[in-house]
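What follows is one structure encoded as structure tokens, with my remarks underneath.
None of the figures in this text is laboratory data; all of them are computed from the coordinates on show. Everything numeric here is computed off the predicted structure, so don't read it as measured data. We place every Cβ from the backbone using ideal geometry, glycine too, and count neighbours over all the protein chains shown.
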């Protein structure tokens, strides 16, 4: 990776999500240097100090607040900057606010660093991933969003609870928009290779349609529920960020449902949304063709057109 320091990460935006992500990154032991950047320099300095004070219990690491020149050699740049979702606001309401924030941030990044991997975490993540790709001049494989990684984890968690089984043994994806038009792919969902409905019956559950609908709705609404109850969601997404960074830094070639620019994926091209993809040291190494039922395919196309409309409005 040229002159990049593989042990260095930058986090841009030190709000709830940025700060929680920085903490999760410190705990991961993946990096030896982390620079935090925020419009409010004091906030970045405060977070850097607070996290640094726990380093005697962790691994040696340099954590400091900086500015854009400090990210020139960062291997990965995590962008969480943007206005947060307010109670009663949809992720798409945020679009115009955050696209304009990105217009000031992204060019500053690519001015000092053209070779990093850029991970977009701010919402609405699909639109902002597309925006970052357009504004940065980065190749597609090196700018992608956290996408439905957390939604997928929520689905696995809820299915694990429903079936009383370890959520890591549940294999199921949420695809499409990270938002209200997301799709739970039930047709290929399984528990350690056993089709989901069969496993449900083994556990005494027979109302499949009803349960699938309820669980998918719970996944979709969980962000709203958390926002209504505590004002913001940040721990779950911070752990998702950590997981994605692990796949990159360790070149794991893990399959994760990240948001990237699509090319004739189920007939969708030219926008960013989430599909399972192989993630490693070069970023997105390939998207994984996932089979969808006719219904799921139709829902995916609708999700894509929702996003396309927003992009047409903004650009």
* Against the longest principal axis of the chain, how steep is helix 16-28, in degrees 0 to 90 to the nearest 10, with axes from Cα atoms? -> 90
* Which order results if 80, 294, 129 are arranged by neighbouring Cβ count within 10 Å, fewest first? -> 294, 80, 129
* Asked: For region 82-174, which semi-axes, largest first and in whole Å, follow from the square roots of 5 times the eigenvalues of its Cα gyration tensor?
  -> 31, 18, 8
* Please state the relative contact order of the chain as a whole percent: Cα pairs under 8 Å, 6+ residues apart? -> 18
* **Dimensionless Rg/Rh of region 149-314 - Kirkwood Rh, Rg from C-alpha atoms** => 0.96
* Asked: Is region 59-106 rounded, prolate or oblate when judged by the Cα gyration tensor, a ≥ b ≥ c being the square roots of its eigenvalues, rounded requiring a/c under 1.5 and prolate requiring a/b larger than b/c?
  -> prolate
* Structure fact -> The residues 156, 134, sorted from fewest to most surrounding Cβ atoms within 10 Å, come out as 134, 156
* **region 273-290-region 140-217 distance, computed between alpha-carbon centres (Å)** => 18
* DSSP beta bridges in the chain, what fraction antiparallel, as a percent rounded to 5? -> 50
* Asked: What FRET efficiency would be calculated for the residue pair residue 103, residue 59, taking the C-beta separation as r and a Förster radius of 45 Å, to the nearest 0.05?
  -> 0.75
* Using alpha carbons only, how many degrees (0 to 90, rounded to 10) separate the axis of helix 95-112 from the longest principal axis of the chain? -> 50
* Could the peptides 295-301, 139-145 be put in order, highest first, of the mean number of other beta-carbon atoms found within 10 Å of their residues? -> 139-145, 295-301
* Let me have the 222 nm mean residue ellipticity of the chain computed from DSSP H runs of 4+ only, each contributing -39500 (n - 2.57), with the sum over all residues rounded to the nearest 500. => -14000 deg cm²/dmol
* Could you state the angle between the C-alpha long axis of helix 208-230 and the longest principal axis of the C-alpha atoms of the chain, as a value from 0 to 90 degrees rounded to the nearest 10? => 30
* If you stretched the chain out fully between residue 230 and residue 250, how much longer would it get, using 0.36 nm times the residue separation minus the C-alpha to C-alpha distance? -> 3.8 nm
* Arranged by the count of other C-beta atoms within 10 angstrom, fewest first, what order do 202, 239 take? -> 202, 239
